[in-house]
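Nothing in this text is a laboratory measurement; each read-out follows from the coordinates by a stated rule. This structure is a prediction, so every number in the text was calculated from the model and none was measured. So basically every Cβ, Gly included, is an ideal-geometry build from the backbone, and we count neighbours across all protein chains shown.
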Amino acid sequence: MIQRRQFLGSIAAVCAVSGSVRHAFASTTSKDTLNWQSRIIETHPHGRNGRAPVVTSVSIQKTGNLLAIVGDNHYVGIYDMAKDKYVHHLDRHADWVRAAKFSPDGSLLATAGNDRKLLIWNTADWAAPTMIKNHPEAIIDVAFNSDGSKIATVGFGPKLRLYDTLSGELEKALNCPCNDMHAVAFSRDDKYLAVGGRSGSIRVWTPSDDSQIAQYKAHRQRIRSIEFTPQDEILSCGDDQIVRIANPLRLTENRALPRHASKLYDVVMLGNGLVATSGSDNQIHVWRIQDAYQVGSLKGHTGTVSCLDVSGFTLVSGSYDTHVRVWTMERQADRNVNPRNEFSNSGWNRKLK
C-alpha cells in the first residue's frame with residue numbers, strides 16, 4: 001500500500017516544473033473564486049529519499065523580504081521574496097520542524113519542532129542560533145509578544161513556557177487545558193495570552209500577573225490555530241470545521257462562521273474585518289466577520305493547506321503538496337476593503353458579484 005507521504009511526494013513530482021519559482025493565477029471559473037495573482041515557491045528535497053517536504057509553517061518578515069519555510073525534512077528554508085531565491089537552508093534541527101515565526105521587528109526568527117528544541121536565530125547572522133532551549137516534549141507552536149522580548153511555546157505537554165529572548169531565561173511555565181497543545185497567541189497589545197489544543201478548550205491569561213481570566217469550550221475537537229483580532233476577540237479553528245469568534249470577557253456573545261467543508265488548519269486576519277482560513281479541502285477561504293459572509297476562495301494547492309501568514313498585500317500559504325504559494329492582492333479602484341498595513345490608494349483585484 002502506498003504511504004500518504006509517498007503519495008504526496010509523487011503528486012509534487014508530477015506538478016513540479018524547472019526553476020524554483022513559477023507563476024500562476026487562481027482559477028476564475030467559479031463566481032466566488034478570487035482573482036488574485038499567485039506564484040509558487042518550490043521546496044527543496046533534502047536527505048536520502050530525495051523528496052520535497054510537506055510544509056507545516058510559513059512566516060513573513062514584516063520589516064524585510066524574507067520568508068521562513070519549514071516542514072518534515074528537518075530544515076529551515078530562508079527565501080528572499082525580492083530576489084526570488086533561497087538564501088539559506090538551516091540544518092540545526094534533527095526532526096520535523098513544526099513552527100517558524102519572525103519577531104515583529106524582523107530581527108529574530110524562532111523555529112521549533114519534534115526534536116524538542118526551540119531555536120532563536122538573529123537574522124543579521126545565520127551562522128548559528130543565538131538561543132537553544134531543550135524541552136521535555138515536541139513543540140508545536142510559538143508566539144512572540146509585540147516587541148519580540150518574550151516568546152511563548154506550546155506542544156505535546158501540559159505547559160506553556162514563556163522565555164525572555166534577550167537573556168534566554170525561562171520566566172514562567174503555566175498549566176494548559178490538556179497535554180496536546182497546538183496553538184498559542186498574544187493579543188496585539190500583550191494584554192492577553194491564549195492557548196488551545198486537542199481538548200477544544202481555550203485558556204486565557206493576563207501575562208503581566210499570570211491571572212487566568214477565561215477558559216471556555218470553543219470546539220468539539222482539536223484546536224489548530226488561534227489569533228487575536230485588533231478588538232481583542234479570539235479567532236480559533238480546528239478539526240470540527242468551525243471558526244469561533246469570542247471575547248474572553250463576554251463569552252456569552254461568542255459566535256461562529258458557517259461550518260466549512262473540511263478540517264481547518266489555520267486562520268489569519270487580513271484586516272478590515274476579513275479573515276482567511278485554510279484546511280484539508282486544499283483551498284483558502286476569505287470571510288467577512290461582521291456578517292459571516294464568504295467573500296471568495298483561492299484555489300491552486302493540491303494538498304491540505306496547513307499554514308498561512310500575511311503582510312501588507314501579500315498572503316502566503318504552505319501545503320502538504322510540498323509547495324508554498326505567494327498570493328498578491330492587487331490594487332484597483334475598490335477602496336472599501338484594505339488588508340492589514342493598509343495603504344490609502346490600494347485595494348484588491350477581485351471578481352465578485
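May I ask you to order 186-193, 254-261 by the average number of other C-beta atoms within 10 Å around their residues, highest value first?
Packing order, densest peptide first, comes out as 186-193, 254-261.
Report the local net charge at Thr302: Lys and Arg +1, Asp and Glu -1, summed over other residues whose C-beta lies under 12 Å from its C-beta.
0
Could you work out how far the C-alpha centroid of segment 156-187 sits from that of segment 291-329, in angstrom?
Rounded to whole Å, the Cα centres lie 28 Å apart.
Rounded if a/c is under 1.5, else prolate if a/b is larger than b/c, else oblate: which is segment 4-328, with a ≥ b ≥ c the root eigenvalues of its Cα gyration tensor?
Judged from the Cα gyration tensor, segment 4-328 comes out oblate (a/c at least 1.5, b/c at or above a/b).
Kindly write out, for segment 232-240 in residue order, the coupling ³J(HN,Hα) from the Karplus curve 6.51 cos²θ - 1.76 cosθ + 1.60 (θ = phi - 60°), rounded to whole Hz, with x marking Gly and Pro.
6, 7, 9, 8, 9, 8, x, 5, 7
What's the local net charge at Asp180, with K and R +1, D and E -1, over the other residues with C-beta under 9 Å away?
The answer is +2.
Given axes a ≥ b ≥ c from the Cα gyration tensor, I'd like to know whether segment 187-256 is rounded (a/c under 1.5), prolate (a/b larger than b/c) or oblate.
prolate
What pairs in Lys117/Lys299; Lys150/Lys299; Lys117/Lys150 have C-alpha atoms more than 27 Å from each other?
Cα-Cα > 27 Å for Lys117/Lys299; Lys150/Lys299; rest within.
Net charge around Asp281, counting only other residues with Cβ within less than 11 Å of its Cβ (Lys, Arg = +1; Asp, Glu = -1)?
My count for the surroundings of Asp281 gives +2.
Report the GluC sites (Glu not before Pro) located in segment 128-234 that are in a DSSP loop and have at most 12 other Cβ atoms inside 10 Å of their Cβ, or state none.
Here the sparse-neighbourhood loop sites are Glu169.
I need the shape label for segment 65-167. Rule: rounded when a/c is under 1.5, else prolate if a/b > b/c, else oblate, with a, b, c from the alpha carbon gyration tensor.
Oblate is the answer for segment 65-167, as a/c is 1.5 or above yet b/c matches or exceeds a/b.
Please compute the modelled spin-label separation between Asp91 and Tyr293, points set 7 Å along Cα→Cβ, answer in nm with one decimal.
Modelled inter-label distance: 5.2 nm.
Mind listing P(r) for segment 249-327? All alpha-carbon pairs, 5 Å bins, whole percents.
Using 5 Å bins, I get a P(r) of 3, 15, 27, 24, 17, 8, 4, 2, 0 for segment 249-327.
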